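The values are calculated or read from the model by the stated rules, or taken from the named source; none is laboratory data. Predicted model only: the values in this text are computed from it and were never measured. Virtual Cβ from ideal backbone geometry, glycine too; neighbours counted across all protein chains shown. Surface areas here come from the heavy atoms of the whole protein model, side chains and all, with no ligands, DNA or RNA. Shrake-Rupley method; radii C 1.70, N 1.55, O 1.52, S 1.80 Å.
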Amino acid sequence: MPQYTPPLRDMQFVMLEVLKVTDEFKALPKHAEVDADTINAVLEEAGKFAAEVTFPLNISGDTEGCKLDLATHEVTPPKGFKEAYAQYVAGGWAALSCDPEYGGQGLPFVLNQCLYEMLNSANQAWTMYPGLSHGAYEALHAHGTDDQKKTYLPKLVSGEWTGTMCLTEPHCGTDLGLLRTKAEPQPDGSYKLTGNKIFISAGEHDMAANIVHLVLARLPDAPQGSKGISLFVVPKFNVKPDGSLGERNGIFCSGLEHKMGIHGNATAQIVMDGASGSLVGQPNKGLAAMFVMMNAARLGVGNQSLGLTEVAFQNALAYAKDRIQMRSLSGVKAKDKPADPIIVHPDVRKMLLTAKAYAEGGRALAIYCTMLLDKEIHHPDEKVRKDAGEIVALLTPIVKAFLTDNGHIATNACMQVFGGHGFIKEWGMEQFVRDNRINMIYEGTNTVQSLDLLGRKVLGNNGATLKKFGKIIAALIAEEGVNEKMAEFINPLAYLADQMTKFTTELGFKGFQNPDEVGAAAVDYLRVAGHLVFGYFWARMAQTALREIAAGNTDPFYLAKVQTARFYFAKLFPETATLMRTARSGSKALMDTDAALA
Ligand SMILES: Cc1cc2nc3c(=O)[nH]c(=O)nc-3n(C[C@H](O)[C@H](O)[C@H](O)COP(=O)(O)OP(=O)(O)OC[C@H]3O[C@@H](n4cnc5c(N)ncnc54)[C@H](O)[C@@H]3O)c2cc1C
């Protein structure tokens, strides 16, 4: 059976020692009082909830899956899920970083980020039920009418109701411009929705009293394509003016997908047959409104893989210390045993350190992004808010795609540490690999994320936001450039930062002549950008750790951090050279292949 220990020490290191979030909060009037004690207390309780309540349901949820009663259209999630959700609601976890105006606790997003990392490590399938609610809350908070906010936000904040996002249809996934669900205006100002959605996560269940579906659909005279899409809120049970639940709405689950992983989450086929809904935001501007939810979900999906990377690492490390096979190449290490523990073998260490470096680098990046979200919303200076928002927008596709690709690499590496036992269900490792796989696909595939990064976020504004982030990196390089102890981290980072400008300009120039050049280079480009960002955070973490060591701190945590940074720069970061080479090799080898793909 797998184990999970919440990585509280590492979260505290990133938040309090590297990013110094409590200093940042002092500039945000709403969070000025949030201190280290508050942060530590919340993390500890959140960790207990994840480890003690949802983690024990991870394997049983995977084995049991969800059941649909076709007569009633009701879905029953695996045993224990409903009770765990009730505990989550009772504990006030749904409200942690929500607006106090709607019953939220108003704590910083960074705390919600850490709560969700731990929930994802413990049980990704369960975590998707409350996770989607948070995105629905954000979309309605940003674009809902006063009436919609009054009706839905307090219930989403308390967790009494959950949310979904209904975009995908059988013929339309990446290309939402193809969607066909119709919304007919009614004399009372409401709309009747008709159509089919598929793959809707947490789309039906009995864990909450109501489900708030956010649905993309077309108005009767809407323009073709993505310019004719509107957003609607469609509850499972209609809500009466006094807020109590009315009759069942015409939105039903008609089937559940049988899938590779996240079996405990209900992936629902949804039929709307004259379902009653109300418009969110402006007609035909639904995609813009839905993007609030989609951006939150993209950061959330990166966080899912961060959680799985961490839990896979913890289990592989414990196994590698215990399992004995063969002797070390450099001489016997465990004289009292018939063989050495496999952790003595260089390649086993490489697999373990890969997962550790990707987990800790991902944690630093994810916490940094949510700290920027706190600034974007609460900082009194408009310029700081704008800059923070722009950098989060730049980093969002990197969090989504780089962390989930790394999760794939890391969970596979950790499964490999177990040898054949990793392939056997009993150890739980193959579930981490299976559960992670969807993270690279949904919420916009990782290819789509790479096109968003290179095409829209970088070339789309002539690299202006990338340059802003480049200045943040340059400040660290200027600060540590003459520190010999930092040279092994700063030199490769400075080299890549310098290369990145030329590399981007070159791709932009080629893309201008032939757009397929952007499509051919984007996936490699995102991975290079991911390493640039990780390189920055690993250098900052090494800087903090080296300073502690120089000050006489003998806590092995700091030495471990420096060693992991060294591993990261020596063994993972150099793949950027190959990636830049393949990106530069252009589109011809892909597009001039009609005979090969005939
Ligand atoms: C378990 C699960 C849960 C999900 N949950 C939800 C949910 O809650 N709500 C929801 O609305 N949807 C959900 N989805 C749907 C998911 O977001 C889509 O599957 C995903 O966006 C891809 O769409 P598609 O499957 O139609 O693939 P397609 O769009 O058909 O893409 C097929 C392939 O073509 C590539 N491709 C497409 N266009 C381009 C392009 N322009 N350039 C390069 N490559 C391209 C894609 O990257 C992909 O590799 C879920 C899916 C699954 C499997």
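Quick notes on this one:
- Answer from A413, A357 - the residue that is at pLDDT 95 or above, open to solvent by less than 10 Å² (accessible area, probe 1.4 Å) and under 27 Å from the mean Cα position of the chain (by Cα): A357
- Among the residues of segment 571-598, those that are under 16 Å from V533 (Cα atoms) and in contact with an Asp or Glu (Cβ under 9 Å, 6 or more places away or on another chain) comprise L579, M580.
- Which listed residue is more than 16 Å from the ligand (Cβ to nearest atom), open to solvent by less than 60 Å² (accessible area, probe 1.4 Å) and at positive phi, from G144, G159, G195: G159
- L132 within 11 Å of the ligand (Cβ to nearest atom) and either within 29 Å of L111 (Cβ to Cβ) or over 22 Å from the mean Cα position of the chain (by Cα) (or both): yes
- Restricting attention to segment 481-495, the residues that are in contact with a helix residue (DSSP H, G or I) (Cβ under 7 Å, 6 or more places away or on another chain) and either surrounded by fewer than 13 Cβ atoms within 10 Å (Cβ to Cβ) or assigned to a helix (DSSP H, G or I) (or both) add up to 8.
- Residue count, segment 434-456 (criterion: surrounded by fewer than 23 Cβ atoms within 10 Å (Cβ to Cβ), more than 9 Å from the ligand (Cβ to nearest atom) and either under 20 Å from T267 (Cα atoms) or basic (K, R) (or both)): 4
- Hits in segment 100-141 - residues which are modelled with pLDDT of 95 or more, open to solvent by 30 Å² or more (accessible area, probe 1.4 Å) and among the charged types (D, E, K, R): E101
- A single member of Q269, Q314, Q282 is at pLDDT 95 or above, closer than 30 Å to I342 by Cβ and not acidic (D, E), and it is Q314.
- Those residues of segment 205-227 which are more than 15 Å from the ligand (Cβ to nearest atom), in contact with a strand residue (DSSP E or B) (Cβ under 8 Å, 6 or more places away or on another chain) and either charged (D, E, K, R) or under 19 Å from T145 (Cα atoms) (or both), in sequence order: D206, R218, L219
- In segment 441-456, the residues that are small (G, A, S) reach residues that are open to solvent by 20 Å² or more (accessible area, probe 1.4 Å) and near the ligand (Cβ under 7 Å from one of its atoms) with C-beta atoms within less than 8 angstrom, at least six apart or across chains, in these pairs: G444/T174.
- S230, sole failed condition from (1) in a strand (DSSP E or B); (2) away from the ligand (no atom under 16 Å from the Cβ); (3) more than 30 Å from T76 (Cβ to Cβ): (2)
- Residue within segment 163-170 that is more than 24 Å from the chain's Cα centre (by Cα) and within 15 Å of the ligand (Cβ to nearest atom) present: yes
- Pairs where the first residue, in segment 502-528, is polar (S, T, N, Q) and the second is assigned to a helix (DSSP H, G or I), C-beta under 7 Å, 6+ apart: T504/V458; T504/L466
- Segment 62-95, subset hydrophobic (A, V, I, L, M, F, W, C) and more than 30 Å from L153 (Cβ to Cβ), residue surrounded by the fewest Cβ atoms within 10 Å (Cβ to Cβ): A71
Here is a yes/no grid of residues against (1) within 14 Å of Y568 (Cβ to Cβ); (2) not polar (S, T, N, Q):
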{"position": "L352", "(1), (2)": "yes, yes"}
{"position": "K356", "(1), (2)": "yes, yes"}
{"position": "T370", "(1), (2)": "no, no"}
{"position": "P380", "(1), (2)": "no, yes"}
{"position": "A388", "(1), (2)": "no, yes"}
{"position": "L394", "(1), (2)": "no, yes"}
{"position": "T404", "(1), (2)": "no, no"}
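- Of the candidates A296, A312, A217, the single residue that is open to solvent by less than 20 Å² (accessible area, probe 1.4 Å) and within 26 Å of L115 (Cα to Cα) is A312.
- Of the helices (runs of 4 or more DSSP H) lying entirely inside segment 355-454, those containing at least 1 residues that are of a type in the set (S, T, Y) and under 30 Å from I343 (Cβ atoms) are 382-417.
- Subset of segment 240-257 that is in a strand (DSSP E or B) and open to solvent by less than 40 Å² (accessible area, probe 1.4 Å) - its residue that is nearest to the ligand (Cβ to nearest atom): L256
- Positions within segment 163-182 being free of Cβ contacts under 8 Å to residues at least 24 places away in the same chain and either open to solvent by less than 10 Å² (accessible area, probe 1.4 Å) or within 12 Å of M290 (Cβ to Cβ) (or both), in sequence order: C172
- Only one entry in E390, E426 is surrounded by fewer than 24 Cβ atoms within 10 Å (Cβ to Cβ) and modelled with pLDDT under 95, namely E426.
- Matching residues, segment 25-83, being closer than 29 Å to V311 by Cβ and β-branched (V, I, T): V34, T38, I39, V42, V53, T54, I59, T63, V75, T76
- Test for K150: is it crowded, with 18+ Cβ neighbours inside 10 Å and at negative phi: no
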